[in-house]
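Note sheet for the following structure.
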Amino acid sequence: MLDLAILGLLRERPRHGYELRRALAELGFRRVSFGSLYPALRRLEREGSVTAQPGSGRRKTYRITRSGLERFLDLLATAEVDESDRSFQTRLAFLGALEPSQRIEQLEARRRALAERLHGARDSFRGARGADRYRLALMERRVRATEADIAWLDQLIAAERSGAGV
């Protein structure tokens, strides 16, 4: 997911490492250390996905290349079956780069995954005999949060369909 986020941010505009780190934090990548950011940038540069130009002082400005853009779009369009919430949120931040039909496909896949999660959470909640009120409250919270996420996705899908003419 770090590669997707870096390439997506560089797609918006060239940035240096400090700017990338700050923008990644805004996307929810907490505490991305320079010890993981710069090796990722060097790897992306070696594979031809980004270029680095010298800037002021020791700073380099990173830009996405044509092959980097292709890789970004490929990473964006390829969702994992059991994608984590964080991975989905990262993908969602850049979903506008895809075609409307691809966006709908991604959103519907996420909805299906959440519907499965909701089914399991409801089963666990119903079968929680003898659990104390805090465990029950936690289980109820998971059910309600997943229901809210599904409702939110339903709105996004409906808006995408009406805007896409699907």
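The values are calculated or read from the model by the stated rules, or taken from the named source; none is laboratory data. The structure displayed is predicted, hence computed values, not measured ones. Cβ placement follows ideal geometry from the backbone for every residue including glycine, while neighbour counts extend to all protein chains displayed.
Brief remarks on what is shown
- Sub-9 Å Cβ pairs linking a first residue in the stretch 119-147 that is more than 18 Å from residue 85 (Cβ to Cβ) to a second residue that is among the hydrophobic types (A, V, I, L, M, F, W, C) and outside any helix (DSSP H, G or I), at least 6 apart or interchain, are 135/128; 136/128, ordered by first then second residue.
- Residue selection: residue 129 satisfies the criterion of being exposed (fewer than 12 other Cβ atoms within 10 Å of the Cβ), among the charged types (D, E, K, R) and on the phi < 0 side of the Ramachandran plot.
- Restricting attention to the stretch 1-42, the residues that are part of a helix (DSSP H, G or I), without any contact (Cβ under 8 Å) to a residue 12 or more places away in the chain and closer than 20 Å to residue 65 by Cα total 4.
- Subset of the stretch 43-52 [assigned to a helix (DSSP H, G or I), free of Cβ contacts under 8 Å to residues at least 24 places away in the same chain and surrounded by 16 or more Cβ atoms within 10 Å (Cβ to Cβ)]: 45
- Matching entry among 88, 34, 94, 29 (being among the aromatic types (Phe, Trp, Tyr), outside the structural domain of residue 152 (by TED's automatic domain parsing) and at pLDDT 95 or above): 94
- Verdict on residue 73 being in the same structural domain as residue 25 (by TED's automatic domain parsing), within 15 Å of the chain's Cα centre (by Cα), without any contact (Cβ under 8 Å) to a residue 40 or more places away in the chain and under 22 Å from residue 156 (Cβ atoms): yes
- Within the stretch 62-115, being in contact with a Leu (Cβ under 8 Å, 6 or more places away or on another chain) and among the charged types (D, E, K, R) holds for 63, 71, 91, 103, 110, 111.
- Residue in the stretch 148-163 that is surrounded by 14 or more Cβ atoms within 10 Å (Cβ to Cβ), touching a residue at least 60 places away in the same chain (Cβ under 8 Å) and within 22 Å of residue 91 (Cα to Cα) present: yes
- Per-region count, the stretch 111-140, residues part of a helix (DSSP H, G or I) and either small (Gly, Ala, Ser) or over 23 Å from the mean Cα position of the chain (by Cα) (or both): 18
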